[in-house]
1. Counting only C-alpha contacts under 8 Å and six or more residues apart, can you give the relative contact order of the chain as a whole percent?
2. For a quick check of your reading of the filter: which chymotrypsin sites (Phe, Trp or Tyr not before Pro) in segment 189-234 sit in a DSSP loop and have no more than 14 other Cβ atoms within 10 Å?
3. So how exposed is residue 276, as accessible area in Å² (1.4 Å probe, rounded to 10)?
4. For 85, 492, 413, write out the residues from largest to smallest accessible area, computed with a 1.4 angstrom probe and no ligands counted.
5. Please sort by residue number the trypsin sites (Lys or Arg not before Pro) in segment 456-513 whose DSSP state is loop and whose Cβ has at most 13 other Cβ atoms within 10 Å.
6. Among 478, 115, what's the order by accessible area (1.4 angstrom probe), most exposed first?
7. Relative contact order for segment 165-269 using alpha-carbon pairs under 8 Å, separation at least 6, rounded to a whole percent?
8. Over segment 136-181, give the accessible area per residue in Å² for a 1.4 Å probe, as an integer.
Amino acid sequence: MNTGRACSRREFIHFIGGITATVFTHTVAGKNKTDIPFIQASSEDAVILADGLDYQLLVSWGEPINSGGDKFGFNNDYIDYVRIDNNPDDCLFWINHESVSQGYFLTSSEGALKSREDVELERREVGGSIVRISKSNGQWKVNRDDKYNRRIDANTRIPIIADAPIHGETEALGTFANCAGGRTPWNTILSCEENYHYYTGEVSLKGKRTLIREPSVGWDRFYPMVPEHYGWVIEIDPFSGQAKKHTSMGRFAHESATVIVAKDERCVVYSGDDKTNQFLYKFIADEPGSLEKGALYVADTLNGSWLLLDVKTNPKLEGYFRSQLDMLIRTREAGALAGATPLDRPEDIERDPETGSIFVTLTKNKGANRPYGSILKIEETNNDPLSLTFQASTFINGGESTGFACPDNLAFDVAGNLWFTSDISGEQLNYPPYSKFGNNGLFMIPMNGQQSGQVLQLGSAPVHAEFTGIRFSEDGRSLFISVQHPGENSADKNNLLSHWPDGGNSMPKPSVIVIEGDLINRFCV
Ligand code: FEO
Ligand code: CA
Ligand code: CA
């Protein structure tokens, strides 16, 4: 815990991105110098890091990534990579571009007022970027015009892997709302379509197909889209740029798709539905080396049971859906019918490399008076991801006593410590009940040593930004992070809440940074 505890305190000046920030770094009183320093919550418009950490900017929104005119998209989120020529210092990165902030960031109009040109511009900002990032002379750099660099966006035609056409089509127009994701053992990347309904609206397929939610971002005037073509996990080969949408893992507000290889080499994929009172899912592939076919389960966390979603074996599902594909398109309805446990918005998922436990962030449930969220621990029976039973428990609760609220993205470092980020909504930052938490942050829970189990804040994001997509390099010495939506809730261009990263009166820019330093290196020995 970083509150309510005696601290020795020293003040120092930290130079970051041209912005000078006064930071108070704390070291636990009475402990030796191997203690991990941490910071207090901050409301400054800067990336502030604990003593022993520094960052550099890697790539920002709008920067060219090749000579063909492709640019790095908006609101970067999930980050992952595969080696090129088996070199861990020369990687092809996939970076999600989750959303287009509405208003003056991209166009001057919103919703139905957008022109076709506005919509065309926005459709190029979402999806993902493939960029080669390599380390030379100790520094990570983007190779700005590499042959592999390319964009996938809302205009990319993507095949849908399904038993039958969906609404008469076998491919979808584009991908968007790409939040978190995963990586397969065969070096492809998984990217999850989360809040697609803002772009497409939503339909009910009970009886007559009916629009039950209107899209809100205004693309539909020029691009009427089929909602059933979105909300899937897409798989991308970063070398070829080829993508496909899997229906096997269900359709919902897919936050992440965390891949674990089972002892028989089949892949197990954990995924949460980031909506209040929605569910946690597990997919077990039929065959090694593919995610196209398999069994989808939903979690009953009260009884520790994975419930199979199969219309052939579950009479409740058989009588309700027309086919297994109809059920996969309407996965939420299937989960509820099967008896899944509603959760407080499951977001990212990671497996503890030491114990094999599965950690799931539950970001919040204000309606249920759980505004601070928690981290859920799933212990599969025999530590086996193929197990159909498990024990669920709360690993840690957010709140003023633990010093964090609304946990979102997770990553384990090479020493097995748990790092995570927070996502308090922009309009709620620094207001009750979140007044004490400052801006969103980067946190770490040591898993052993004197500070084991304590929550240490190691970073603070710029105003109205969120740290997302946290991913360590293979050697564990570099931490890649997206700084997403800085200044998101600014009133207008003349009243910007954030000027990060360029400072002055500049427009804020979503960017990828890489954090390095002694504080990380100490976990790599
Ligand atoms: Fe895209 Fe649930 O965060
Ligand atoms: Ca998230
Ligand atoms: Ca979130």
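The values are calculated or read from the model by the stated rules, or taken from the named source; none is laboratory data. Just so we're clear, the structure is a prediction, and the values are computed from it rather than from any experiment. Please note: Cβ atoms are built from the backbone with ideal geometry, for glycine as well, and neighbour counts cover all protein chains shown. Note: accessible area is taken over every heavy atom of the protein model, side chains too, but ligands, DNA and RNA are not part of it. Shrake-Rupley method; radii C 1.70, N 1.55, O 1.52, S 1.80 Å.
1. Numbers: 1432 pairs, mean separation 76.6, N = 525.
Across the chain, relative contact order equals 15 percent.
2. Details: sites: 196, 198, 199, 219, 222, 230, 232; in loops: 196, 219, 222, 230, 232.
Taking segment 189-234 and a limit of 14 other Cβ atoms within 10 Å, the loop chymotrypsin sites (Phe, Trp or Tyr not before Pro) found are 222.
3. 60 Å²
4. Details: 85 140, 492 55, 413 5 Å².
Heavy-atom accessible area, descending, gives 85, 492, 413.
5. Numbers: sites: 471, 477, 493; in loops: 477, 493.
Answer by residue number: 493.
6. Details: 478 0, 115 40 Å².
Solvent-accessible surface, decreasing: 115, 478.
7. After rounding, I find 29 percent.
8. Details: 2220 Å² over 46 residues.
Spelled out: the 1.4 Å probe surface of segment 136-181, per residue, equals 48 Å².
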